[in-house]
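J.: Below are the structure tokens for one structure; questions will follow.
The values are calculated or read from the model by the stated rules, or taken from the named source; none is laboratory data. Just so it is clear, the structure is predicted and the values come from calculations on it, not from any experiment. When we count neighbours, we look across all protein chains shown, and the Cβ atoms used for this are built from the backbone with ideal geometry, even at glycine.
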Amino acid sequence: MEHLVDRTLKTVKRGDAVLIPVTAQPRFDLTPFRARLEEHVDLPHRFGPRDPRRELRERLSAAGIPSEHAPRRWERIGDVLVIRVPSEGQPRARQIAQIFGTVLGARTVVQDLSGIHGPMRVPDVRVLWGHGTETVHVEGGIRYALDVARVMFSSGNVGERIGIAERVRPGAVVVDLFAGIGYFSLPIAVRGRAETVYGCELNPVSFRYLVENTRLNRTTNLLPILGDSRKVAPRGVADWVIMGHFDARDYLDVAFDALRGQGTIVYHELCPKEQYPDAMIRRLAAAARAHWMNVQAIHTRIVKSYAPGIVHSAAQVEVTRQNRP
Ligand SMILES: C[S@@+](CC[C@H](N)C(=O)[O-])C[C@H]1O[C@@H](n2cnc3c(N)ncnc32)[C@H](O)[C@@H]1O
């Protein structure tokens with residue numbers, strides 16, 4: 001490799017050709033690659049600085065804003081930036097947002113005011129800079145359209161989303177009891193090649209995006225169902241049941257009813273750290289027994305630390321039907 005690509009400039013398409021910026025003339029013959037060198041081509045600069053943190057510090061300091069008054073981290077969902085502003089920075093929150101938005105190349109900057117709320121997991125944000133909170137977030141080749149002000153998206157759960165698609169075997173029937181905008185349903189349907197994924201979603205706003213996202217990702221095997229999964233989830237059909245909600249423990253009966261004979265349940269909960277994983281394992285084993293199922297295998301993991309002393313934990317439980325006497 002000659003490391004010739006100039007990473008400060010953008011690669012662009014021109015008709016059927018692709019213009020790749022280089023820092024010097026290649027020493028090898030380009031003809032076998034059906035390529036040629038063109039000189040003095042004006043290619044656009046890549047957007048965004050190479051060291052955004054340094055640029056943020058410099059811009060904040062030029063505006064007379066101490067860096068402790070500004071966020072140290074941010075979350076990027078599509079082209080919307082989500083920040084938390086320390087209380088000292090509140091009076092100049094809009095100016096801070098403008099600096100973050102321009103340096104980090106966002107369209108809109110919103111302030112996360114108080115986290116995610118209620119069973120429908122609704123965010124509480126206000127726009128500080130820019131226009132529009134509807135965006136398309138691309139992750140692992142999947143496109144998630146959503147409104148950052150109305151629907152949650154936890155970028156920290158990316159490992160979960162990608163991992164699950166790889167574990168569900170091709171041809172499986174999947175019931176997602178809390179589909180949201182398709183956090184798990186979409187990767188399973190698109191990358192995992194499940195035969196059918198039933199995605200149940202209670203919140204009409206999330207449901208609208210779930211439907212839009214099936215279209216956006218051209219999936220034909222994801223069937224969105226609007227309503228409370230307790231009432232609308234199909235029964236006796238699933239090889240896999242996905243429960244991506246912290247209230248999942250209240251819906252274990254729905255999950256077992258959705259299975260057809262043996263199957264796998266992916267379960268999430270919030271758990272006091274010192275009780276992990278024993279309490280979760282006991283809960284799942286008891287629910288299985290109550291539905292005449294045996295637990296064949298159970299894999300537990302901590303997804304992330306949620307609050308002091310509380311972990312977001314997950315389990316993958318494989319069950320088979322007991323022979324009733
Ligand atoms: C927390 S979100 C999923 C988050 C996701 N696991 C992630 O990685 O970011 C859970 C979704 O379940 C929906 N929901 C809550 N209760 C429900 C129910 N009883 N039936 C169907 N959907 C429900 C909420 O509206 C929300 O969209």
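J.: Here are some residues: 202, 210, 226, 270. Which one is more than 11 Å from the ligand (Cβ to nearest atom) and touching a residue at least 24 places away in the same chain (Cβ under 8 Å)?
T.: Sole residue among the options that is more than 11 Å from the ligand (Cβ to nearest atom) and touching a residue at least 24 places away in the same chain (Cβ under 8 Å): 270.
J.: Is it the case, given these coordinates, that residue 302 is more than 18 Å from residue 174 (Cα to Cα) and within 16 Å of the ligand (Cβ to nearest atom)?
T.: Answer is yes for this residue.
J.: Something else about it: In this structure, does residue 233 turn out to be within 14 Å of the ligand (Cβ to nearest atom), buried (at least 16 other Cβ atoms within 10 Å of the Cβ), under 23 Å from residue 301 (Cα atoms) and in the same structural domain as residue 313 (by TED's automatic domain parsing)?
T.: no
J.: Tell me which strands (runs of 3 or more DSSP E) are completely within the range 1-96 and hold 1 or more residues being touching a strand residue (DSSP E or B) at 6+ places or on another chain (Cβ under 7 Å), modelled with pLDDT of 85 or more and over 24 Å from residue 110 (Cβ atoms), or say none if there are none.
T.: Per the criteria, 17-19.
J.: Could you grab me the full set of residues in the range 255-267 that are at pLDDT 95 or above and either under 16 Å from residue 295 (Cβ atoms) or buried (at least 21 other Cβ atoms within 10 Å of the Cβ) (or both)?
T.: 255, 256, 258, 259, 263, 264, 265, 266, 267, listed by residue number.
J.: Still on this model: Could you tell me which residue of the range 130-156 is farthest from residue 119 (Cα to Cα), considering only residues that are within 11 Å of the ligand (Cβ to nearest atom) and surrounded by 20 or more Cβ atoms within 10 Å (Cβ to Cβ)?
T.: Only one residue fits best here, namely 144.
J.: On the given criteria, is residue 305 exposed (fewer than 12 other Cβ atoms within 10 Å of the Cβ) and in a strand (DSSP E or B)?
T.: In short, yes.
J.: A further question follows. Which numbered condition trips up residue 186, out of (1) surrounded by fewer than 22 Cβ atoms within 10 Å (Cβ to Cβ); (2) outside the structural domain of residue 83 (by TED's automatic domain parsing); (3) within 16 Å of the ligand (Cβ to nearest atom); (4) within 22 Å of residue 255 (Cα to Cα)?
T.: So the condition that residue 186 fails would be (1).
J.: Assuming residue 114 fulfils every condition listed in (1) surrounded by fewer than 20 Cβ atoms within 10 Å (Cβ to Cβ); (2) among the hydroxyl-bearing types (Ser, Thr, Tyr); (3) under 29 Å from residue 51 (Cβ atoms) apart from one, which condition is it?
T.: Unmet condition: (3).
J.: Let me ask something else. Here are some residues: 179, 93, 194, 106. Which one is touching a residue at least 12 places away in the same chain (Cβ under 8 Å), away from the ligand (no atom under 16 Å from the Cβ) and assigned by TED's automatic domain parsing to the domain that holds residue 223?
T.: Sole residue among the options that is touching a residue at least 12 places away in the same chain (Cβ under 8 Å), away from the ligand (no atom under 16 Å from the Cβ) and assigned by TED's automatic domain parsing to the domain that holds residue 223: 194.
J.: Can you tell me which residues in the range 157-169 are among the charged types (D, E, K, R) and within 11 Å of the ligand (Cβ to nearest atom)?
T.: 160, 161
J.: Something else now. Which is part of a loop (DSSP other than H, G, I, E, B) and not charged (D, E, K, R), of 115, 105?
T.: On the way: 115 fails: part of a loop (DSSP other than H, G, I, E, B).
The match here is 105.
J.: A further question follows. Consider residue 243 against the criteria (1) under 27 Å from residue 232 (Cα atoms); (2) modelled with pLDDT under 95; (3) touching a strand residue (DSSP E or B) at 6+ places or on another chain (Cβ under 7 Å): it satisfies all of them except one. Which criterion is unmet?
T.: (2)
J.: Next question. Need pairs with beta-carbon distance below 6 Å; first residue farther than 16 Å from residue 207 by Cα and within the range 111-137, second among the hydroxyl-bearing types (Ser, Thr, Tyr) and within 11 Å of the ligand (Cβ to nearest atom); sequence gap 6+ or separate chains.
T.: Filtered contacts from the range 111-137: 137/144.
Yes or no, residue by residue, for (1) under 19 Å from the mean Cα position of the chain (by Cα); (2) assigned to a strand (DSSP E or B); (3) under 26 Å from residue 250 (Cβ atoms):
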| site | (1), (2), (3) |
| --- | --- |
| 110 | yes, yes, no |
| 124 | yes, yes, yes |
| 127 | no, yes, no |
| 151 | yes, no, yes |
| 163 | yes, no, yes |
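J.: Report, by residue number, each residue of the range 133-146 that is outside any strand (DSSP E or B) and either modelled with pLDDT under 95 or over 18 Å from residue 208 (Cβ atoms) (or both). Can you show your working first?
T.: Residues of the range 133-146 outside any strand (DSSP E or B): 133, 140-141.
Within the range 133-146, 140, 141 qualify.
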